[in-house]
1. For the chain, what is the accessible area per residue in Å² when the probe is 1.4 Å?
2. Return the distance in nm (one decimal) between the two label points of a simple spin-label model at Ser173 and Glu69, each offset 7 Å from Cα along Cα→Cβ.
3. Quick one: pull the percent of accessible area on the stretch 1-115 belonging to carbon and sulfur, 1.4 Å probe, ligands and nucleic acids left out.
4. Once phi is turned into ³J(HN,Hα) by the Karplus curve 6.51 cos²θ - 1.76 cosθ + 1.60 with θ = phi - 60°, what whole-Hz value does each residue of the stretch 9-25 show in order, with x for glycine and proline?
5. Which order do the peptides 182-190, 95-103 come out in when sorted by mean C-beta neighbours inside 10 angstrom, highest first?
6. If the chain between Thr54 and Ile262 were fully stretched, how many nm would it gain, using 0.36 nm times the residue separation less the Cα-Cα distance?
7. Once amide H atoms are built 1.01 Å from N in the peptide plane, which residues 5 or more positions from Ser83, or in another chain, come under 5 Å H to H?
8. Quick one: dipole size for the chain, taken about the Cα centre, charges +1 on Lys/Arg Cβ and -1 on Asp/Glu Cβ, in debye to the nearest 20.
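The values are calculated or read from the model by the stated rules, or taken from the named source; none is laboratory data. Here the structure is a predicted model, which means the values were calculated and not measured. We place every Cβ from the backbone using ideal geometry, glycine too, and count neighbours over all the protein chains shown. Ligands, DNA and RNA are excluded from the accessible area calculation, which covers all protein heavy atoms including side chains. Shrake-Rupley method; radii C 1.70, N 1.55, O 1.52, S 1.80 Å.
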Amino acid sequence: MDRLETMIPIPGGTFLMGSDHFYPEEAPVRRVSVGPFLIDATAVTNRAFAGFVTATGYVTLAERPAPAELYPDVPAEALAPASAVFHPPPAALDRGNAYQWWHYVPGADWRHPEGPESHLDGREDHPVVHVAYEDALAYAIWAGKSLPTEAEWEFAARGGLDGADYVWGDEFSPGGVHQANTWQGHFPWENLLEDGFARTSPVGSFPANGYGLYDMAGNVWEWTEDWFGPHRPAAKSCCTIDNPRGGAMESSVDPDMLELAIPRKVLKGGSYLCAPNYCQRYRPAARLAQAIDTTTGHVGFRCVVRPAAAMTLER
């Protein structure tokens, strides 16, 4: 079977989830257990997503106009289908304002990653991007699969290296060799392209982790089914938490955007835009809150199958 269509069996077990050494939302480290499951060896590709769209006629969120009833004071032209595309600024600037490099581009969607003049020719085996949470979930349901919990995703990403900083160990680029599609140079204006890629790379371009999974760091962020919220520590330091799910939808709303009340899901893995000087989130413990109504050029997904569903698929 082609590795791009392979699901890898993950044995389940107990591991140290999170990190106390990088960003506060990753803490505290706690002992977590997950049961066995299957997970896609790679992120879902443009080729695979196109098969889903052809079979179902599905239209992604980025391809639909924003509903006027939700935005009564917004001009009609501003409600046209669009998605967020990264454009590097020409020079050094204040990294505190992401709007300086993220731009909503009308006509940008999974078929047109940089806008209406772009296309997927030659990118069939790149991860699909510009997919909202509901798009990823629709694909998973069609395929008879699910989206992973954050704990399942992180356990699989670690590949048996419990407590390691990176998917491949504790050194970012062992022997000077890049292990993932990330940003080299000063983000967001200088990309040295040492890994060979300015945006997404074909899935499987970098070495697999200990479980045989590709791109569990870098390339694209990946949706999980968990609502974003603070990590729940174990009741006692000796205790293990069983496959914890994220908090309630209400608690996942960004407190700085209460008037919009847009809930957020957990993204994992980092992307080609993660850089040492800006976003060191190309690690299994890293996590990011993403509004469920937002699509960008650096977010994709992969799917899992849990034992009961696996038995159904085998029949």
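1. Numbers: 14170 Å² over 315 residues.
It amounts to 45 Å² per residue over the chain.
2. Those two pseudo-labels are separated by 5.3 nm.
3. Working: 3600 of 6030 Å².
Solvent-exposed carbon and sulfur of the stretch 1-115 make up 60 percent of the total.
4. With coefficients 6.51, -1.76 and 1.60, one gets x, 10, x, x, x, 10, 8, 8, 9, x, 8, 9, 10, 10, 9, x, 5 Hz.
5. Values: 182-190: 18.9, 95-103: 12.7.
Output ranking for 182-190, 95-103: 182-190, 95-103.
6. Values: separation 208, 0.36 × 208 = 74.88 nm, distance 3.01 nm.
Length gained, Thr54 through Ile262: 71.9 nm.
7. Hits under the 5 Å cutoff: Val105, Gly107, Ala108.
8. Working: 23 positive and 40 negative charges, 172 e Å.
Magnitude of the dipole: close to 820 debye.
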